[in-house]
Amino acid sequence: MTFSKIPTPRVDPVTGKTYYTREDAMNLSPQQYEEWVYSNKTTHVNEVRLYEQKFWNILLTKSPPFLPLLFWPFVIYYLITPMTFLRFMWICTGLLLWFPMEYLFHRFLFHLPVVGIRSQKFHFFLHGIHHVAPTDLWHVFSPIYELGAQAFLIWCVFNILHVPDPTALISGLLINYIRYDSIHYLIHAYTPDQIGKIPFAGNYLKQCAIHHRQHHFSNPRKHFTISFVSSFLD
Ligand SMILES: [Zn+2]
Ligand SMILES: [Zn+2]
Ligand SMILES: [Zn+2]
């Protein structure tokens, strides 16, 4: 690949923050693009400005760092509505189903093969941004409408499969998703040593942090999960 085409970070003259734009990503061929987003030699930036206007950039690519907290009222409301044994079993199934989904979504959707202009655009929006700007804490969680689209897709699949209680199943998934993405946030906001000081779960969380940092900074084509820290499983 021609290294001259590798984008150099732009600097905001006012804030001094570094950023890449949509053009930086889209001027590369698919092969160059994949090398660029996944290479540990790529210079990481403070943020990506997919849209020139700040308003659209925030609305369409950013997500508040407290997003998972907003889901709790829905989960709690659902959990205190009349609970049957069957419903409880479906929630537990959702909790367990999360783990393969955590792997499969990241491995096959977020790291989809980039083969042309459309997949390149889609990949950059979906996951490329997080790989070139891993410290942008307003982009650790997906934008709310993107999460909504994923939830709707899953709900449709459950309905097609005639799952008896799709909402209970999704509640289970959601609880585990909140846990997962909250850990993901901690990993990008703090160092593994800082995370290790968290009471009770510190040791495990530190392992998660080290594992996910390997995905970002040494081998992005491996270590797709955050919950599994064993090198045997992932
Ligand atoms: Zn990450
Ligand atoms: Zn990734
Ligand atoms: Zn791993």
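So here's what we get for this one:
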item: Packing-based ranking, highest mean first, of 28-34, 54-60 given that Cβ atoms within 10 Å are counted; result: 28-34, 54-60
item: Point-to-point label distance, Tyr204-Leu96, nm (Cα→Cβ direction, 7 Å offset); result: 1.8
item: Average accessible area per residue (Å²) across the chain - probe 1.4 Å, nucleic acids and ligands excluded; result: 56
item: Theoretical FRET efficiency, 1/(1+(r/R0)^6), r = Cβ-Cβ of Ala151 and Met89, R0 22 Å, to 0.05; result: 0.60
item: Base-10 log of normalised Debye intensity for the chain (one unit scatterer per alpha-carbon) at q = 0.09, 0.12, 0.15 Å⁻¹; result: -0.42, -0.74, -1.12
item: At R0 = 25 Å, FRET efficiency that the Cβ-Cβ distance of Lys5 and Lys222 yields, to 0.05; result: 0.45
item: For a label point 7 Å along the Cα-to-beta-carbon line of Asn46, residues of segment 175-192 with backbone N under 20 Å; result: 188-191
item: Carbon plus sulfur fraction of accessible area for segment 65-217, probe 1.4 Å, in percent; result: 75
item: The chain: relative contact order in percent, alpha carbon pairs under 8 Å with at least 6 residues between; result: 23
item: Computed E for Ile80/Leu233 - FRET, C-beta separation, R0 41 angstrom, nearest 0.05; result: 0.75
item: Debye, to nearest 20: dipole size of segment 65-217, +1 on Lys, Arg Cβ, -1 on Asp, Glu Cβ; result: 180
item: Ordering of 69-80, 159-170, 127-138 by burial proxy (mean other Cβ atoms within 10 Å per residue, highest first); result: 127-138, 159-170, 69-80
item: MRE, 222 nm, helices only [DSSP H, n ≥ 4, -39500 (n - 2.57), over the chain, to nearest 500]; result: -17000 deg cm²/dmol
item: Where chymotrypsin sites (Phe, Trp or Tyr not before Pro) fall in DSSP loop in segment 160-201, at most 16 other Cβ within 10 Å; result: Tyr190, Phe200
item: Charge dipole magnitude, Cβ of K and R +1, D and E -1 - segment 120-210, Cα centre, debye nearest 20; result: 140
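The values are calculated or read from the model by the stated rules, or taken from the named source; none is laboratory data. Everything numeric in this text was worked out from a predicted model, so none of it was measured. All Cβ positions, even for glycine, are placed from backbone atoms using ideal geometry, and neighbour counts span all protein chains on display. Areas reflect the complete protein model, heavy atoms only, side chains present, ligands, DNA and RNA absent. Shrake-Rupley method; radii C 1.70, N 1.55, O 1.52, S 1.80 Å.
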